[in-house]
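These notes are about the structure you will find just below.
The values are calculated or read from the model by the stated rules, or taken from the named source; none is laboratory data. Every value quoted in this text rests on a predicted model; they were computed, and no experiment measured them. Neighbour counts are summed over all protein chains in view; Cβ atoms, including those assigned to glycine, are modelled from backbone coordinates with ideal geometry.
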């Protein structure tokens, strides 16, 4: 297993190099001259040249790339262009609020989706199944924006059950007071597509030969589903979670924007609007690294659901 | 045990299982019903083996699965059908009652052991599950019993193997584990649905013997579903012959094999080649159904003849596959390791071996569909392996191949016309489309298809017809050598006979040389002048066909030949 | 079948809008500010009519003034020209509009139609781009294997190790705003899913006997890749295409909402929703409903069409 992890870490090197190159290409090449962005519309050539020298963009590209690589590995991206805050500090302080929202969403959402998917698979082919599927399909087609706008208005303004928006420094206040509405929203909106997907996983497994064997043993349909099928369906479900997990950190940036949650997602939107390149670059590279680690963890987790997986 | 209270002697007289007027239909769209089983009746007596025999689409598996009600969800059993087991009408039983019956009274073994076992649970878990469900054993007692059962079905080191997952076992062991699971609760009826079809012939022999022994020991009855009459002759007491959803004939095994009455049964018995005869042509169903007498079957000699020119000479052929292993290292696996043979014009070289023996790789490497790792393939003196791709192109025409799976070997999006014209266009055969179309029409007629096939798509044809199209595609190039890679293995025996006859005719007519690759020793014996026996990538024995079957020199060859189901003959002989 | 009709209807709407048959004058201020939808106006007049009229009195003529004093935007002159034509016919802005009006009294129905043109164009073109990229990459990697495959797998790993939303935002940060940009962003970042599937298809098919047979008769690599295998993956591409249309329509709405999508001179369902957020607080719900519903109907229809296509085209189910 150690050998497997080492090999996988080794394989990450070219991918990481690729990510760095891609980000470098985007921001140092396509992104145009950052000095013009920084200096604003009214700036004399001298100021621009000065800024260029400070940023190192008057250097050849390979020097710039080297600076960027150094930044990545020293965790020092300098300061934000617009707020002059340290980039590392920006990232560290914005992760907390994002996780406060997204971890509960992930846990509750996945549990509910698996649960409902099992139930729907149990009554497959019936009217209930068809109705649930039609509702899910319809629900999926309404924009997330519409849900947020309507829910925020309905529960925040109209009924006043939850605060419209806000955030404090206290974790518990946040979790109990400001987080519930965004969490409920994200869970509800995420439920329909996940339910559909997981149901299809269950139905696919139900067509396998081993299900017939289990039935031939005289097992009840519930036991076939909960023991034999569920365990096998967990394998693609795990893959799916692995895909969504890295997104946890960008969080639902829409939720953060609407509910004024000072998280990573809102920060990125702000940075994009302000052309605050250092922040976007740093977040992109580190989240890519994180994603690679998550993928490794998911691969390790396969071992616990699928005995066919070996670490070679 | 079940149902009413019949008096002791009527219960003894009544068969264990009675199926009468069974009709099963499948709902395809919302409104269309296709009948798969059309009024089938048969019975299984106590402690006997009944074989349901038929080709694909005969409804044999559907009939058997109706008994335990394990049909697909779109299947419907028509009212009026009756399945009585031990006095109880199974079609009227509640789902709960059926579940109590399944696994305890009636157990089932399926065709594909690999997919029929749940991949994420250990063998022990899966066996214990049945015990805990029906015999209400505790976890520990059930686990202990699972070890005993594995031992009983002949799995070595059962105490360790009980913790294995299915993927850690070979196909034969998986099927043994399936059997252990089936007999766990001492059922009275065992339904075996093609239990050995997915297995190699030597493993098949072991499983058949195991099943016969267990049936005897546990005083079970067995319903054995198969397409292979050879197996039936060895294992069955009674035989039910089915065709397109109907019972054609039923009786004791002796009656069926010695005095078959129905033409279909007679045809099935005749169209399969045997080891001791080699008729010039195989009988086909059509010879029997019209009530005509089958043609006189004189034996045709086959042997290697030193006078015919050599077309293909293979020397020391090697093919190594690289498997990634560890961080940087690769492991080389030799799929073909030093195989040599000579092929003469108008003759057939048979290549036999079990799965993984490298026989298919030989075929693919010879015609450079795989790049060889070493050796020579001399075609009329030119070493094909030394040619560049461009130099190889004219030789591609000379060696052609017919693959195993008729459903995968024709491009589903091409019409038959397109399929036949493409090779001619590539190699510039015929002056233009009209001439090529004429050649295609003539070839379609030659392989026994109507000319209107040109505009149709492969999915409109049956397996046998598709194989004919594949043969026609090869013939468009007027090849010298035809490699038949398991070309008839996926076909029903009656269709197999027709395609084999076609291949024989074409060989006589066009002086083709065949490399006939198959796992089926009987068919290889029938088709070949010389036979190459392969095992683990190596040539184990190479000799003339008659010699190899009469006096095999190698131990492996002997074991292989000893495993061939001998049908009725050996049973009377014992 | 019904879904096909709906999709066809939307595409027809898009084409006619693009060609200027309908809704070309979406930006004309034809009604009073926040004109209520015609169908509720009759019933609602007694209760809210008075309030609306005052609102109209205050904000109604304002935008006209702006266009007069803002010579930097040439469009305003154009609009004024158009507005002038309309005003000559209908001097007073109408109090009600079929689906209501927005803050500047623009017709929500026309905005919705114009918005659907933008959304469908973005969804369709971006999906075509993504599927084309994914298909070419996947086919090349899957067919050739070896080094070529390693290279594309590397590219795939690079693109997928950055969370998708972040990738889009990173592209959006460096590119200027505009319809072509947003199509480019979605297309360049969205190919990975198609690539994965197409690569798997090509690996599967390249090992199939019919491809071997094609090799045996001497068919070239190009013939095998494109003439033999490509048509057999058509169903995958078609289903992917319609799935991506849905995905991209949704993405466009969100990007435009955030101000990263279409420029302000254009209307999109996303910008409509952005306006609607403020309007809802003061009780003007019709723009939200119009944009939200039309998008939901289109997306549902495309989704159902996708499901139907998948069932009809999947060779496993045939």
Identify, from the list A:307, A:262, the residue that is closer than 30 Å to residue B:121 by Cα, surrounded by fewer than 18 Cβ atoms within 10 Å (Cβ to Cβ) and touching a helix residue (DSSP H, G or I) at 6+ places or on another chain (Cβ under 8 Å).
A:307
Scanning the stretch B:162-171 residue by residue, those surrounded by fewer than 21 Cβ atoms within 10 Å (Cβ to Cβ) and assigned to a helix (DSSP H, G or I) turn out to be B:167, B:168, B:171
Can you say whether residue C:131 is over 14 Å from the mean Cα position of the chain (by Cα) and either modelled with pLDDT under 80 or within 21 Å of residue C:251 (Cβ to Cβ) (or both), as far as the supplied structure shows?
yes
From C:130, C:180, C:126, grab the single residue that is in a helix (DSSP H, G or I), within 30 Å of residue C:264 (Cβ to Cβ), free of Cβ contacts under 8 Å to residues at least 12 places away in the same chain and more than 12 Å from chain A (Cβ to nearest Cβ).
C:180
Residues to consider are B:212, B:177, B:128; find the one that is more than 14 Å from every other protein chain (Cβ to nearest Cβ), more than 27 Å from residue B:534 (Cβ to Cβ) and part of a helix (DSSP H, G or I).
B:212
Can you tell me how many residues within the stretch A:151-172 are part of a helix (DSSP H, G or I) and either surrounded by 13 or more Cβ atoms within 10 Å (Cβ to Cβ) or free of Cβ contacts under 8 Å to residues at least 40 places away in the same chain (or both)?
9
Which one is farthest from the other protein chains (Cβ to nearest Cβ) among residues in the stretch B:410-421 that are assigned to a helix (DSSP H, G or I) and surrounded by 22 or more Cβ atoms within 10 Å (Cβ to Cβ)?
B:416
Please determine, by comparing only the residues of the stretch B:84-123 that are buried (at least 22 other Cβ atoms within 10 Å of the Cβ) and assigned to a strand (DSSP E or B), which one is farthest from the chain's Cα centre (by Cα).
B:85
Answer yes or no as to whether residue B:487 is under 20 Å from the mean Cα position of the chain (by Cα) and either surrounded by fewer than 23 Cβ atoms within 10 Å (Cβ to Cβ) or closer than 19 Å to residue B:199 by Cβ (or both).
no
So residue B:431 clears everything in (1) more than 13 Å from every other protein chain (Cβ to nearest Cβ); (2) closer than 24 Å to residue B:506 by Cβ except one condition, right? Which one?
(2)
Residue check: is residue C:260 crowded, with 19+ Cβ neighbours inside 10 Å and part of a helix (DSSP H, G or I)?
no
Here are the criteria: (1) buried (at least 22 other Cβ atoms within 10 Å of the Cβ); (2) in contact with a helix residue (DSSP H, G or I) (Cβ under 6 Å, 6 or more places away or on another chain); (3) not assigned by TED's automatic domain parsing to the domain that holds residue B:215. Tell me which single one residue B:129 does not satisfy.
(2)
Which of (1) at pLDDT below 95; (2) surrounded by 22 or more Cβ atoms within 10 Å (Cβ to Cβ); (3) in contact with a strand residue (DSSP E or B) (Cβ under 9 Å, 6 or more places away or on another chain) is the odd one out, the single condition residue B:194 does not satisfy?
(2)
Return yes or no: is residue B:141 more than 7 Å from chain A (Cβ to nearest Cβ) and either surrounded by fewer than 20 Cβ atoms within 10 Å (Cβ to Cβ) or farther than 16 Å from residue B:17 by Cβ (or both)?
yes
Among B:377, B:402, which is the only one that is more than 12 Å from every other protein chain (Cβ to nearest Cβ), crowded, with 16+ Cβ neighbours inside 10 Å, in contact (Cβ under 8 Å) with a residue 12 or more places away in the chain and in contact with a helix residue (DSSP H, G or I) (Cβ under 9 Å, 6 or more places away or on another chain)?
B:377
Taking the conditions exactly as written (within 13 Å of chain A (Cβ to nearest Cβ), surrounded by fewer than 22 Cβ atoms within 10 Å (Cβ to Cβ), under 31 Å from the mean Cα position of the chain (by Cα) and touching a residue at least 24 places away in the same chain (Cβ under 8 Å)), does residue B:73 satisfy them or not?
no
Which residue, of C:296, C:223, C:251, C:219, is without any contact (Cβ under 8 Å) to a residue 12 or more places away in the chain, out of contact with any strand residue (DSSP E or B) (no Cβ under 9 Å at 6 or more places or on another chain) and within 14 Å of chain A (Cβ to nearest Cβ)?
C:296
All positions within the stretch A:109-136 that are in a loop (DSSP other than H, G, I, E, B) and under 24 Å from residue A:241 (Cβ atoms)
A:124
Could you check the stretch A:173-271 for helices (runs of 4 or more DSSP H) lying wholly inside it with 3 or more residues that are within 14 Å of chain B (Cβ to nearest Cβ)?
A:180-206, A:209-216, A:230-244
Within the stretch B:58-70, track down each residue that is part of a loop (DSSP other than H, G, I, E, B) and either away from every other protein chain (no Cβ under 14 Å) or more than 15 Å from residue B:193 (Cα to Cα) (or both).
B:58, B:59
What number of residues in the stretch B:358-374 are out of contact with any helix residue (DSSP H, G or I) (no Cβ under 6 Å at 6 or more places or on another chain), more than 13 Å from chain C (Cβ to nearest Cβ) and either farther than 19 Å from residue B:343 by Cβ or free of Cβ contacts under 8 Å to residues at least 60 places away in the same chain (or both)?
2
In the stretch C:263-304, which residue that is touching a helix residue (DSSP H, G or I) at 6+ places or on another chain (Cβ under 7 Å) and part of a loop (DSSP other than H, G, I, E, B) is surrounded by the most Cβ atoms within 10 Å (Cβ to Cβ)?
C:268
